[in-house]
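Participant: Quick one: the structure is below, questions incoming.
The values are calculated or read from the model by the stated rules, or taken from the named source; none is laboratory data. Being a predicted model, the structure only gives us computed values, none of them experimental. Here the Cβ is made from the backbone with ideal geometry for all residues, glycine too, and neighbour counts use every protein chain on show. Heavy atoms of the whole protein, side chains included, go into the accessibility calculation; ligands, DNA and RNA do not. Shrake-Rupley method; radii C 1.70, N 1.55, O 1.52, S 1.80 Å.
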Amino acid sequence: MPSRHVVVVGSGVIGLSCAHFLLERGHRVTVVERGGPDRDSCSLGNAGYISPSHVIPLAAPGMVSKALRWMLDPESPFYVRPRLDPALLSWGWRFWRAGTASRAQAAGPSLRDLTVQSREIYLNWATESGNDFELTTAGLLNLIRTPAGMREEEHAASRARALGIPAEMLDAAGVAALEPDVRFDVIGGAYYPSDAHLTPARMMGMLERRVRERGASLAWNAEIRGWRTEGRAVRAARTAQGEIAADEFVLAAGSWTPRVAAPLGVSLPMQPGKGYSVTLPPPHPRLRRSVILHEARVALTPMGDALRVGGTMELAGYDLSISPPRLRGIATSLRRYLPEVEERVFDGRTPWCGLRPCTPDGLPYIGRVERYENLSVASGHAMMGISMAPATGRLLAQLLDGEAPCTDPAPLRPGRYGG
């Protein structure tokens, strides 16, 4: 394919991954970012998981009924702020319809392909960069406190194994053997040896350097304010820094992607799912690998000398305020599974929150938009942005160049809800 100028809207992990693989193919790339060079994004404060084990989408069977029960508890892992929002109501209806066993099973191969391929790319990047983003391939341990949790995770482990992802169910002794430096109050767990983790801020810094070195232009403080179109073609993005013309446009703006797409008449059902994290300096529990507290949906990730603790899914629109009950819920869960953790573990620590872009069916939008001949989307990865970013970037570049795709793009098409 001849070289083209591609504008990528969004400088999170998905946008930078798209830029990387487009540059690798010889295209000229401009990354347009609404924030400045010191921007915050969902890519920076998350748990840093690379999770081939996560082959069951967010819209899993039984998730709606579980979410309704959690709604009664202000410290629970899931919360929807009640509001008369037609977009939320429409999203909720589609989420409920997607939560069937058959649809969850059909989503598995796409989730597996994007995460397994991304893991391979991260391994290559770690070799090339001297692993300056602290990639750790020690697997993931899912800790469980209840018999119901064990049954639920046995199903997830069985589904993972059916898709070629190794998984091992453990009793309490097996958990202790994997993490001998920490005392847990659990009855068992599941170990996924192919999972990995990294330090998101260091990885984002590495990826930004790579795209700069390959010649990308980064337009900061350039919020999209409109578009110039001609028939079925987008001609230019109108930004706070002026108009930027290009041959191709890729929308990779995370939770803000639907807002960026709306002036073009493109509908992308998506809700921002707020997640929280607190990063603890030493002393803290000395974990050897990433850990999930199963029933609480809390993630623990060792990052250098620090330990990141994250969790919750809060559907509250674009509100980035911190909810104290959500943080209390995370801290309470941490002490429940790790009883030696101090009661006021988060005192004096600055909490972080970010908005995960959640589609109704739990699969991202990747590919061309039918309405326009030169507009594509790469967004909607929910909690799996880090896990899927490199393979997403490669797939997007393959689709733009007409190459054979690395995974079947049909389940990921942006127009699957008629947008």
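Participant: Counting residues that are open to solvent by 10 Å² or more (accessible area, probe 1.4 Å), which strands (runs of 3 or more DSSP E) fully inside segment 325-401 reach at least 1?
Facilitator: Of the strands (runs of 3 or more DSSP E) lying wholly inside segment 325-401, those with at least 1 residues that are open to solvent by 10 Å² or more (accessible area, probe 1.4 Å) span 352-358, 365-368.
Participant: For segment 271-291, give me each residue that is open to solvent by 20 Å² or more (accessible area, probe 1.4 Å) and touching a Gly at 6+ places or on another chain (Cβ under 9 Å).
Facilitator: Within segment 271-291, 279, 289 qualify.
Participant: Does any residue of segment 72-94 turn out to be polar (S, T, N, Q) and surrounded by fewer than 17 Cβ atoms within 10 Å (Cβ to Cβ)?
Facilitator: Scanning segment 72-94, I find at least one residue that is polar (S, T, N, Q) and surrounded by fewer than 17 Cβ atoms within 10 Å (Cβ to Cβ), so the answer is yes.
Participant: Out of 144, 165, I need the residue that is in contact (Cβ under 8 Å) with a residue 60 or more places away in the chain, touching a Pro at 6+ places or on another chain (Cβ under 9 Å) and open to solvent by less than 20 Å² (accessible area, probe 1.4 Å). Which one?
Facilitator: 165
Participant: I'm trying to understand the selection: among the residues of segment 98-111, which are surrounded by fewer than 20 Cβ atoms within 10 Å (Cβ to Cβ) and touching a residue at least 40 places away in the same chain (Cβ under 8 Å)? Working first, answer last.
Facilitator: Narrowing segment 98-111 to residues surrounded by fewer than 20 Cβ atoms within 10 Å (Cβ to Cβ): 100-103, 105-106, 108-109.
Listed by number, the residues that qualify are 101, 103, 105, 106, 108, 109.
Participant: Within segment 184-194, identify whether any single residue is more than 16 Å from residue 108 (Cβ to Cβ), of a type in the set (S, T, N, Q), at pLDDT 95 or above and surrounded by 15 or more Cβ atoms within 10 Å (Cβ to Cβ), and answer yes or no.
Facilitator: no
Participant: Sticking with this structure for a sec: Which ones in segment 30-66 are closer than 27 Å to residue 297 by Cβ and among the acidic types (Asp, Glu)?
Facilitator: 40
Participant: Further question: What pairs can you find where one residue is in segment 365-384 and under 18 Å from residue 398 (Cβ atoms) and in contact (Cβ under 8 Å) with a residue 12 or more places away in the chain, the other is in a helix (DSSP H, G or I) and among the hydroxyl-bearing types (Ser, Thr, Tyr), and their Cβ atoms are less than 7 Å apart, with a gap of 6+ or different chains?
Facilitator: 366/392; 377/257; 378/392; 379/257
Participant: Among all residue pairs at least 6 apart or on different chains, which show Cβ distances below 6 Å where the first residue, located in segment 71-94, is aliphatic (A, V, I, L, M) and the second is outside any helix (DSSP H, G or I)?
Facilitator: Hits for this filter: 80/315.
Participant: Let me ask something additional. Which pairs turn up if I take residues in segment 401-419 that are in contact (Cβ under 8 Å) with a residue 12 or more places away in the chain and look for partners that are among the aromatic types (Phe, Trp, Tyr) with beta carbon separation below 7 Å, at least 6 apart in sequence or on another chain?
Facilitator: 412/365; 414/365
Participant: Give the number of residues within segment 246-259 that are open to solvent by 30 Å² or more (accessible area, probe 1.4 Å), in contact (Cβ under 8 Å) with a residue 24 or more places away in the chain and of a type outside the set (Phe, Trp, Tyr).
Facilitator: Of the residues in that region, 1 qualify.
Participant: Let me ask another. With of a type in the set (Val, Ile, Thr), assigned to a strand (DSSP E or B), touching a residue at least 12 places away in the same chain (Cβ under 8 Å) and on the phi < 0 side of the Ramachandran plot as the only criterion, which of 31, 55, 64, 116 stands out? Lay out the reasoning, then the answer.
Facilitator: Numbers: 55 fails: assigned to a strand (DSSP E or B); 64 fails: assigned to a strand (DSSP E or B); 116 fails: assigned to a strand (DSSP E or B).
Exactly one residue qualifies, and that residue is 31.
Participant: So which of 299, 262 is among the hydrophobic types (A, V, I, L, M, F, W, C), over 30 Å from residue 229 (Cα atoms) and open to solvent by 10 Å² or more (accessible area, probe 1.4 Å)?
Facilitator: On inspection, the qualifying residue turns out to be 299.
Participant: Separate question: From the residues in segment 1-26 that are open to solvent by 10 Å² or more (accessible area, probe 1.4 Å), part of a loop (DSSP other than H, G, I, E, B) and in contact with a strand residue (DSSP E or B) (Cβ under 7 Å, 6 or more places away or on another chain), which one is nearest to residue 351 (Cα to Cα)?
Facilitator: Step by step, filter segment 1-26, then rank; the result is 4.
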